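Peer 1: A single structure is presented below for examination.
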């Protein structure tokens with residue numbers, strides 16, 4: 001269980017990189033495809049970072065350690081805990097840039113500063129963390145060492161309070177709320193993107209199935225749409241990503257094979273919709289594990305198309 005929770009990252013980022021043959025001969029517009037990959041990459045690594053930090057803090061006394069906690073170390077990281085007893089309890093997580101971390105294979109460098117800015121303990125209902133990312137670089141080893149680098153601040157709020165024993169018994173879940181109003185993402189070609197996000201992620205355990213599961217949803221409404229993220233993409237275009245259906249994933253089918261989820265990302269020149277948890281014809285399933293996901297895109301004043309892509 002300790003290792004399971006440590007590895008709970010939503011690896012949507014690699015659905016387009018590691019897939020089977022499309023069921024449709026249409027070719028995705030390259031800019032729309034790249035934007036979809038960027039949305040998935042940033043979301044995936046942000047979610048993975050949230051989960052790793054949450055699991056690690058369970059073992060830090062100042063952040064609320066008790067005899068029943070379920071703590072995990074973070075792959076490729078060392079820690080500066082000399083400021084744990086400051087007025088604002090703080091820990092610095094430093095990544096070595098060389099260790100290859102699995103699921104999927106990637107290396108991380110840079111630093112994440114974690115501050116408990118509200119609440120006595122991180123396990124308290126309503127406690128809040130401020131996470132400051134400084135040159136936090138994620139290099140995808142199996143993707144020709146492509147990378148994304150984060151610089152900026154986001155906040156995590158513990159909505160329900162964290163009861164690890166209750167989670168293991170299947171009677172409690174962990175619900176985190178993320179807010180990001182200041183994040184610059186740099187890509188391997190030097191292009192940058194400004195990223196804002198508002199989402200919730202809920203983690204739970206089903207002891208009957210020995211299954212960990214998660215649900216991720218958007219958490220703010222703008223112009224009548226429930227948005228997960230928005231900002232300016234690598235092409236200098238403003239974008240909005242609408243969460244039409246919450247993302248669901250579990251350890252039974254594999255974190256990288258979501259069983260549900262629909263999001264639509266729009267810019268001034270294209271829109272692209274990803275529907276996860278489908279069969280090989282692009283229809284969402286209602287039970288069991290899915291074949292893959294369906295992409296639908298439309299270029300402003302131009303072509304449109306769709307493709308069904310199988311999970312790896």
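Peer 1: So, in the range 170-185, of the ones that are surrounded by 17 or more Cβ atoms within 10 Å (Cβ to Cβ) and over 17 Å from the mean Cα position of the chain (by Cα), which residue ends up nearest to residue 55 (Cα to Cα)?
Peer 2: It comes out as 173.
Peer 1: Kindly indicate whether any position in the range 141-149 is touching a residue at least 24 places away in the same chain (Cβ under 8 Å), surrounded by 19 or more Cβ atoms within 10 Å (Cβ to Cβ) and either out of contact with any strand residue (DSSP E or B) (no Cβ under 6 Å at 6 or more places or on another chain) or not in a strand (DSSP E or B) (or both).
Peer 2: No, the range 141-149 has no match at all.
Peer 1: Of all residues in the range 168-195, count the ones that are in a strand (DSSP E or B), over 21 Å from residue 153 (Cβ atoms) and touching a residue at least 40 places away in the same chain (Cβ under 8 Å).
Peer 2: 1
Peer 1: Just checking, how many residues over the range 108-121 are touching a strand residue (DSSP E or B) at 6+ places or on another chain (Cβ under 6 Å) and either over 17 Å from residue 51 (Cα atoms) or in contact (Cβ under 8 Å) with a residue 60 or more places away in the chain (or both)?
Peer 2: 6
Peer 1: Can you tell me which residue in the range 120-132 is nearest to the chain's Cα centre (by Cα), limited to those that are within 20 Å of residue 219 (Cβ to Cβ) and surrounded by 19 or more Cβ atoms within 10 Å (Cβ to Cβ)?
Peer 2: 131
Peer 1: Filter the range 229-243 for residues that are closer than 24 Å to residue 188 by Cα and part of a strand (DSSP E or B); which is nearest to the chain's Cα centre (by Cα)?
Peer 2: 229
Residue-by-condition table, conditions (1) at pLDDT 90 or above; (2) under 30 Å from residue 294 (Cβ atoms); (3) in contact with a strand residue (DSSP E or B) (Cβ under 6 Å, 6 or more places away or on another chain):
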| site | (1), (2), (3) |
| --- | --- |
| 7 | no, yes, no |
| 14 | no, yes, no |
| 25 | no, yes, no |
| 30 | no, yes, no |
| 48 | no, yes, no |
| 69 | no, no, no |
| 86 | yes, no, no |
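Peer 1: Taking the condition of being without any contact (Cβ under 8 Å) to a residue 60 or more places away in the chain and either outside any strand (DSSP E or B) or crowded, with 22+ Cβ neighbours inside 10 Å (or both), how many residues in the range 244-260 meet it?
Peer 2: So the count comes out to 5.
Peer 1: What's the number of the condition residue 226 fails, among (1) within 30 Å of residue 145 (Cα to Cα); (2) under 21 Å from the mean Cα position of the chain (by Cα)?
Peer 2: (1)
The values are calculated or read from the model by the stated rules, or taken from the named source; none is laboratory data. For clarity, every value in this text was computed on a predicted model and none was experimentally measured. Cβ atoms come from the backbone with ideal geometry, glycine included; neighbour counts cover every protein chain shown.
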